[in-house]
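Here's the structure we're looking at; comments come further down.
The values are calculated or read from the model by the stated rules, or taken from the named source; none is laboratory data. Computed from a predicted structure; not experimentally measured. Virtual Cβ from ideal backbone geometry, glycine too; neighbours counted across all protein chains shown.
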Amino acid sequence: MTMDHRAQPRPRVLVVEDHAVVRRGLCAVLESAGLACVADVGTGAAAERAIQQASVDVVLLDLGLPDVDGLQLLRRLQATAPEVAVVVLTMHAEEEYVLRALAVGASGYVLKLAEPEAVVEAIGRAVKGELYLDPAVARPVARRAVQPARADPLTAREREVLERIARGLTNRRIAEELFVSLNTVETHRRHILEKLGVHSRAELVAQALERGLLGDHAITSQT
């Protein structure tokens with residue numbers, strides 16, 4: 001089905017990748033999928049300038065930049081432009097990189113070996129405030145989640161809400177599944193965020209994984 005771009009604004013994406021050919025190829029993929037590539041840059045400094053100068057919804061971020069560690073840049077972007085979602089695009093499939101990226105606020109983690117559709121899917125989820133993990137890293141990360149957990153501060157109902165948040169469900173959909181009111185779900189969500197000391201869905205999932213509060217069925221990914 002063809003998307004009617006006149007009906008709603010196209011998500012605006014900033015591509016941050018140090019190889020010019022790669023980033024321009026990514027822009028071509030995004031534009032063909034109905035997304036707007038507002039700029040493509042090759043350094044962290046240029047990325048920060050671009051965000052100040054243009055309206056950006058999502059940053060597609062390579063971790064291997066010449067002037068700054070990609071995770072440090074991600075952390076700075078979360079502090080200076082928290083309304084902008086960041087999707088990591090990298091060669092690093094190691095669990096350590098994934099967990100660190102999620103811990104500092106990444107809304108998605110995609111490997112460069114993935115199909116272009118996976119990149120588009122990750123950006124689409126980020127725009128909606130959802131989390132995306134490349135299937136190649138989702139299962140290893142999930143295995144960590146079933147290790148012995150630190151003390152669980154959540155109630156049984158909060159755990160049910162948390163698992164559905166991690167699956168990318170909206171508050172309304174969670175309310176429908178649990179047969180409770182939308183206000184009740186929003187209250188549970190607020191309590192979960194407070195108990196785990198986080199402020200966003202991405203941080204919430206990262207902290208829940210770190211504490212072992214999620215099973216692998218709760219990880220949102222493209223299959």
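Can you tell me which residue is surrounded by the fewest Cβ atoms within 10 Å (Cβ to Cβ) among those in the stretch 203-223 that are at pLDDT 75 or above and closer than 16 Å to Thr170 by Cβ?
Leu204
What's the number of the only condition in (1) surrounded by 18 or more Cβ atoms within 10 Å (Cβ to Cβ); (2) of a type outside the set (Lys, Arg); (3) modelled with pLDDT of 90 or more that Gly168 fails to meet?
So Gly168 meets the others, but not (3).
Across the stretch 89-113, which residue is modelled with the highest pLDDT among those that are under 8 Å from the mean Cα position of the chain (by Cα) and not small (Gly, Ala, Ser)?
Ranking the qualifying residues of the stretch 89-113, first place goes to Tyr109.
Within the group Ala20, Ala54, which residue is touching a strand residue (DSSP E or B) at 6+ places or on another chain (Cβ under 6 Å), aliphatic (A, V, I, L, M) and without any contact (Cβ under 8 Å) to a residue 60 or more places away in the chain?
Going through Ala20, Ala54 in turn, just one is touching a strand residue (DSSP E or B) at 6+ places or on another chain (Cβ under 6 Å), aliphatic (A, V, I, L, M) and without any contact (Cβ under 8 Å) to a residue 60 or more places away in the chain: Ala54.
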